[in-house]
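Only the coordinates and a few stated rules stand behind these numbers; no lab work does. Small disclaimer: the values here were computed from a predicted structure and weren't measured. Using ideal geometry, Cβ is built from the backbone for each residue, glycine included, and neighbour counts are taken over all protein chains shown.
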Ligand SMILES: Cc1ncc(COP(=O)(O)O)c(C=O)c1O
């Protein structure tokens, strides 16, 4: 007799297949809020617990193997454990993990960034991307003497209270739990790609900086054309405001010098993390020497109070991250690895859309450079496997959440040996043609299962 259950069949199959993950989740629930250590790792009915990873794959505590499209939340471009990075980290670990002192690797790491990133005249390392955007905002306020910040709806710049504003619908600059209204009121959240709104806001001449994800919110989930970045460059210059490119994801991924190299637009400040540190923790703010001079010590205590931002940080440029970062940047510098990852992502987008077309499923896979995203709200199936333009879809819809489809597809893909975050996927050089063929086979089976659940 059929089991009577309130939960969907995919959810039951998932629960049955992953008993060891389930058991860890039960322990985690007693330790962590939501049982997780990063909001985006929540999953219904419980997340996957991973034991090890190598190349394109990771293995969970139940011994199951997955092709991975999280790629370390974007920190990995060469797959898991690329030999050059692994060896650099191993060698560094043998020499110590924290000197409480300056060291040669941090200098080398900084030199790499200044060579590759067009805006980087000077750089200061931080321990994360969140710290980097926090520092960039302080630098902009110190340099300009102005207090307001312009950001864009749906753009994410880390979780500190100064910028975790207008990221999600309804995209308002309203304080959320624990946020001070005084801080939120200093941030204007403007619609993405509306240069007239930016011009109007800048005309008040109280804006210290405009910050954006240069390829669009959530790494181009709400895509932005290069022309918008160019227009922002002109408008900020005219208004004596700084332009900050948050290249935490795009840095060293869309080009060796990031989106600023790709677009030919040089911002005043750039924030970096993820690939920067080769899969280990690390971030940086880089940019104009005169702006970063607000991190330099001045001649008198009085001058320091006015024009020196204090910046300690136990793990700034820690030797392990520096070693991994140097090894990683040396690999991406020539651009060939980026071209390979881009080409593999394009093949994936094409193949995934072909499957959606064949299955007559009205979703669309899209993206640029080394990623693919899935939009569950399309009105018609893709016509063929060509990359789908989503330009005609209103940005609020594009950023919309489809929790049931996302849950079901993610569960179905996991059951078929593929893991992605439920809406977006990052691609690396590890996703070879064989891995792509396996992914497409898994996707075909998975979308049929989602259809069977009545969600496609
Ligand atoms: C564009 C962007 N900026 C900043 C951050 C925050 O970086 P971190 O997670 O290292 O604090 C992220 C993280 O995903 C990001 O995508």
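Structural remarks
- With neighbour counts taken as other beta-carbon atoms within 10 Å, the residues 159, 395 rank, fewest first, as 159, 395.
- Summary value for the stretch 320-456: 26 percent relative contact order, contacts being C-alpha pairs under 8 angstrom separated by 6+ residues.
- Ranking of 188, 370, 293 by neighbouring Cβ atoms within 10 Å, starting from the fewest: 293, 188, 370.
- Angle in degrees between helix 319-332 and the longest Cα principal axis of the chain, rounded to the nearest 10: 70
- In terms of Cα atoms, the Rg and Dmax of the stretch 1-62 work out to 13.3, 43 Å.
- Beta-bridge orientation, the chain: approximately 60 percent antiparallel, per DSSP, counting only bridges with both partners inside.
- Translational diffusion coefficient (Stokes-Einstein; Kirkwood radius from C-alpha pairs) of the chain at 37 °C, 0.692 mPa s, in µm²/s: 142
- Cα-derived Rg to Rh of the stretch 83-332, Kirkwood definition: 0.97
- With Cα atoms, 0 to 90° folded angle of helix 336-358 axis to the chain main axis: 40
- For the stretch 266-333, the equivalent ellipsoid derived from the Cα gyration tensor has semi-axes of 28, 15, 8 Å, listed largest first.
- Helix 433-452 axis, angle to the chain major axis (alpha carbon atoms, nearest 10°): 60
- Cβ-based exposure ranking for 354, 302, 247, in which fewest neighbours within 10 Å come first: 302, 354, 247
- Principal axes of the stretch 84-207: Cα extent on each, largest first, Å: 53, 32, 26
- Secondary-structure-derived ellipticity at 222 nm for the chain, considering helices only, amounts to -12000 deg cm²/dmol, per-run term -39500 (n - 2.57) for DSSP H runs with n ≥ 4.
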